[in-house]
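Here is the structure we will look at, set down as structure tokens.
The values are calculated or read from the model by the stated rules, or taken from the named source; none is laboratory data. From a predicted model like this one, the values you see are computed outputs, not experimental measurements. Counting neighbours? That spans all protein chains shown, and the Cβs are built from the backbone with ideal geometry, glycine included.
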Amino acid sequence: MSISLNLNGQTHEVDAEPGTPLLWVIRDELKLTGTKFGCGVAACGACTVHLDGEPVRSCQTFIEDVEGAEITTIEKMAEDTVGAAVQQAWLELDVVQCGYCQSGQIMNAVGLLRENAKPSAEEVDDYMHGNACRCATYQRIRAGVLRASEILEA
Amino acid sequence: MTANLSRRGFLKSAAAAVAVLYVGANTKGAMAASNSADAMLNHFVKITADGRAVALCKHVEFGQGSATGLTTLIAEELGVTMEQIDYEFAPSNPAIYNNLLFGPFQGTGGSTAIANSFTQYRTAGAAAREMLISAAAKEWDVDAGALDIVEGVITGAGKSAPMGEFVAAAGEMEVPAEPRLRDASEWKIIGNAQTRRLDSPIKVNGQAQFAMDVHLDNQMVVMVRRTPQRGGTVVAFDDSASKEVKGFIMAQALPTGHGVAVYAENTWAAMQARNALEIEWDFSAAETRSSQEIKDEILAALNAEPTYNVNKADRTAVKTTVDGAATVLEKTFYFPLLAHAPMEPLNCTIEQTAEGDIVLHDGAQMPTGPHMAYQQIFELPAEKIQIKSMLAGGSFGRRATPDADYQVEAALAFIMTDRSRPVKLVWDREDDIRGGYYRPAAGHKVRVGLDETGAIIGWDHQVAGQSIMKGTPFEAFAVHDGVDHSSVEGIADSPYTIPGQALGLTDTEKATSVLWWRSVGHTHTAYVMEVMMDLAAKTSGKDAVDYRLDYLTGEGDAARKAGVLKLAAEKAGWGSAPAGHAKGIAVHKSFGSYVATVVEVSGNVDDGIVIEKVTAAVDCGIALNPDTVIAQAEGAIGYGIGHAMRDQITLDGGAVEQSNFPDYEPLRISDIKAIETHIVASAEAPTGMGEPGTPPSAPALANAIAALSTDAEHVAELPMSANGVEFA
């Protein structure tokens, strides 16, 4: 089927079978590789994108359900006020190690800060629980979200 | 520029600001420099005429910070800031880019990236600096000794100019055989905690390119359905349902018989077409054992006489001493198989160029492995095979298999095509968990005899498990007198002075492929050593730190181990804990580095343990990039604790039971509330930090849980969650 996707502010016509995860359209068809494949079962968060501003796992979001929605990926975050603050905090604290999960971590963190501009450490842990990092950069992810909150407040 | 330019012609073009200076080792290993394009394969340092420097990194970057570390060494010696230098990954060439601790083999592992490169990369940077300075001194007619390069500017003797202006002339200078290395007092970047990772910017904006992100024109995606039991082979398969999947191209049994490769136009089509395959397997020669059978075999070996007397002790005498001791502590430990599960599932892409070269795009941890294998598979000389090293999304050992497993699999899939289309091999998470090369299962039985004062008088230590090194090309290197050192490392070479120790080892049969897993043998030996030391202290009514210090009285090794132990205790406020909290400590040396860890917990094993805080002290010699050292400690602690909490790979009828993160649950952000790391100031040569944080983390947790109450016990079998410990 042919589907019109609104992704990062642009319209893309893509040909994909119903049931195709949004992740594979983004990666294989649109060649935007910042969104990562980690588990395929929504258990790691590496594939997190925004659907109408809300974080979703693109490996379990199907193409037929996103027509008309506004899809945003990591590649667009620098232009987003909250996204840019999170990226700045990530750089200040050198959060990343291998970096493979970090697009998803950042997309989820932006979702949290949009909902809750001043989260506590515990609220960060609750919201970020589903985003796995096998390098275990969690201390810095937590600190990074709190730092981004400060940057946004300033 | 082309290779047949005359020297004069080349220099002319160099003067036109396209000059590039390469400094590095030539194929004979000597330092050499060239400004011809042909020298591109032989360098560690590249400087362009606009004054930018580029470090050529011979080690993979999979999160441990090697790219930043190696670049730091070049920048420091050359005299540029980290903003004036870039990094690139070196091509595969073991004659030049070998790991100096691995022999003629290019590869990353054993926490050696900085340790083996520290002098080599500084020397390359210093040679480049001296050649640029010589060129400037000649032009300015001043003494080279009066010049230095500071932030990319050659300066001194009243003169100053950007180093880029001397790139072409520097190429004409003799390469200094022994360039002067900057004294530690001159260092501005080495040891500077403000240095940031060079790969952070591209890893926060989606631009970082991992092997999984390779999209070559016209590429096919291949996924393989592998035998669920080790040793199973394909008898026949039916791909009629796969043919219904849009984008399916073909299916072929691999020549090894261990699986069927499905070729498709894209990843999703490959996944669906693979799921639709029907395969008939021959399991007659396949592994059929369960985890319980493997465990029973290991535990039985612990109660028999060991195959190898590792330390040549008189075990009969040791046993007699232990039996006659005032107190005898006896404990049997068991450690399950573990998967590495790096975030980026295994993958690589192969293409053939118009010239017939084979190009592999890979997050290559040991490029020499696939490079050698490909010479056989493709019947090509080494120079016709190129390996393009990409960023790797973690490894923890998995990307470094002695048989180059996934790269060979990709090559086998590729040779069954007409080679007109690149082949990208993709594993999914289920492949990763089930097709693993696992941390081998291991068992230990330890009997420790204490005298009336609580002092150790005898220590009978038996180890049984599956050898990692035997049957691999590393056997000659790592196995001596039958003993695979990786099975007993951390015991056999412990800095503790333990009187009357016997150490025995028995190898058991491998039910799966086994492999080094972040910190290798230390993953289990540190746990056993540190839990037994803790138990001995507790039984004797002594403080766990003071007790250990009694066995760390020597100089060197023992003193450094004692140093981190004391620092961690001091920083963690050892000796007191808030009501309802308890602290446990462990200390271990591995890969030349010393790490002590204090874990503070609350709660109880029935209602849930909470890990409140982890405090670590690290001595890794000179901390090249201190913030990276701290980050590696944090990550290694999380890796060790997460698996000890709740992970294991189990077999049923020879098949792995787990499949993905829901049943091989990673450490999560809420599992450890805080980690604090302290570095011991040191002038010793740098050692590794990728792994040494892992070994003491899990025993410190076990010791903390055992300290929660007088009747709390040290968990002896992992994972803890399957052995009586709930986590909140």
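For A:VAL96, which of the numbered conditions (1) surrounded by 21 or more Cβ atoms within 10 Å (Cβ to Cβ); (2) of a type in the set (A, V, I, L, M); (3) in a helix (DSSP H, G or I); (4) within 7 Å of chain B (Cβ to nearest Cβ) fails to hold?
(3)
So which residues in the range A:18-48 are at the interface with chain B (Cβ under 9 Å from one of its Cβ atoms), farther than 19 Å from A:MET107 by Cα and touching a residue at least 24 places away in the same chain (Cβ under 8 Å), if there are any at all?
A:GLY19, A:THR20
Condition first: in a loop (DSSP other than H, G, I, E, B), under 30 Å from the mean Cα position of the chain (by Cα), within 14 Å of chain A (Cβ to nearest Cβ) and within 20 Å of B:ASP432 (Cα to Cα). Can you find one or more residues in the range B:253-261 that meet it?
no
Do we find that B:VAL80 is buried (at least 19 other Cβ atoms within 10 Å of the Cβ), assigned to a loop (DSSP other than H, G, I, E, B) and over 21 Å from the mean Cα position of the chain (by Cα) in this structure?
Here the answer is yes, as B:VAL80 does meet what is asked.
Quick grid of which residues meet (1) over 26 Å from the mean Cα position of the chain (by Cα); (2) in contact (Cβ under 8 Å) with a residue 24 or more places away in the chain; (3) surrounded by fewer than 19 Cβ atoms within 10 Å (Cβ to Cβ); (4) over 30 Å from B:ASP148 (Cα atoms):
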| site | (1), (2), (3), (4) |
| --- | --- |
| B:ASP199 | no, yes, no, no |
| B:GLN207 | no, no, yes, yes |
| B:ARG230 | no, yes, no, yes |
| B:THR233 | yes, yes, yes, yes |
| B:SER242 | yes, yes, no, yes |
| B:MET250 | yes, no, yes, yes |
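Filter the range B:392-451 down to residues that are assigned to a strand (DSSP E or B) and basic (Lys, Arg) and give me whichever is farthest from B:ALA304 (Cα to Cα).
B:LYS424
Failed condition for A:LEU91, given (1) in contact (Cβ under 8 Å) with a residue 12 or more places away in the chain; (2) of a type in the set (A, V, I, L, M, F, W, C); (3) in the same structural domain as A:ALA148 (by TED's automatic domain parsing), with all others met?
So A:LEU91 meets the others, but not (1).
Go over the candidates B:ILE641, B:ILE669, B:ILE637 one by one and state the one that is within 14 Å of another protein chain (Cβ to nearest Cβ), free of Cβ contacts under 8 Å to residues at least 60 places away in the same chain, β-branched (Val, Ile, Thr) and surrounded by 21 or more Cβ atoms within 10 Å (Cβ to Cβ).
One residue alone meets the criteria, B:ILE669.
Please verify whether A:GLU92 is out of contact with any helix residue (DSSP H, G or I) (no Cβ under 6 Å at 6 or more places or on another chain) and closer than 18 Å to B:ALA631 by Cβ, treating the condition exactly as stated.
yes
Taking the range B:373-390 on its own, how many of its residues are surrounded by fewer than 24 Cβ atoms within 10 Å (Cβ to Cβ), more than 30 Å from B:PRO201 (Cα to Cα) and in contact (Cβ under 8 Å) with a residue 12 or more places away in the chain?
Going through the range B:373-390 one residue at a time, the tally reaches 6.
Could you run through the range B:494-525 and say how many residues are at pLDDT below 95, buried (at least 21 other Cβ atoms within 10 Å of the Cβ) and polar (S, T, N, Q)?
Going through the range B:494-525 one residue at a time, the tally reaches 1.
Within the group B:GLY393, B:GLY458, which residue is more than 29 Å from the chain's Cα centre (by Cα) and buried (at least 22 other Cβ atoms within 10 Å of the Cβ)?
Every option except B:GLY458 fails the conditions.
Quick one: count up the residues across the range B:57-115 that are of a type in the set (Ser, Thr, Tyr), in contact with a helix residue (DSSP H, G or I) (Cβ under 7 Å, 6 or more places away or on another chain) and on the phi > 0 side of the Ramachandran plot.
Qualifying residue count for the region: 0.
Counting just the residues of the range A:114-132 that are buried (at least 24 other Cβ atoms within 10 Å of the Cβ) and more than 7 Å from every other protein chain (Cβ to nearest Cβ), which one comes out farthest from A:ALA42 (Cα to Cα)?
A:VAL124
How many residues, within the range B:600-634, are within 22 Å of B:LYS561 (Cα to Cα) and away from every other protein chain (no Cβ under 14 Å)?
9
Given (1) surrounded by fewer than 24 Cβ atoms within 10 Å (Cβ to Cβ); (2) within 10 Å of the chain's Cα centre (by Cα), where does A:SER103 come up short, assuming only one miss?
Among (1) surrounded by fewer than 24 Cβ atoms within 10 Å (Cβ to Cβ); (2) within 10 Å of the chain's Cα centre (by Cα), A:SER103 violates only (1).
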